[in-house]
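One structure below.
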Amino acid sequence: MKATFAEPEIVTKNGKPVSVIIPIKEYEEMLERLEDAEDVAYLKAARRKPLHYRPLADVLADLAKK
């Protein structure tokens, strides 16, 4: 069974919209854009935090202890 929709199909229940049927490609593109937006939001939040640096010798000493 193959169906193609030019526009999203709205499914209603008791006259109220409850879901939408869209092509899988459009759905995947929406997910990709959402993931990109989440990544950008995470990066913006990370940039607001102050950076803390440690000397390399301290990091190597901590790793050697493990």
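The values are calculated or read from the model by the stated rules, or taken from the named source; none is laboratory data. This is a predicted model, so every value here is computed, not measured. Virtual Cβ from ideal backbone geometry, glycine too; neighbours counted across all protein chains shown.
Among the residues of segment 11-34, is any among the acidic types (Asp, Glu), over 26 Å from the mean Cα position of the chain (by Cα) and in a helix (DSSP H, G or I)?
no
Suppose we filter Lys49, Lys2, Lys16, Lys65 for residues that are exposed (fewer than 10 other Cβ atoms within 10 Å of the Cβ), of a type in the set (Lys, Arg) and modelled with pLDDT of 95 or more; which single one remains?
Answer to the selection: Lys16.
Spot the failing condition for Glu9; the list is (1) loosely packed, with under 10 Cβ neighbours inside 10 Å; (2) of a type outside the set (A, V, I, L, M); (3) in contact with a strand residue (DSSP E or B) (Cβ under 8 Å, 6 or more places away or on another chain), and only one is missed. Single failed check for Glu9: (1).
Taking segment 35-57 as the range and being basic (Lys, Arg) and assigned to a helix (DSSP H, G or I) as the test, the residues that pass are Lys44, Arg47, Arg48.
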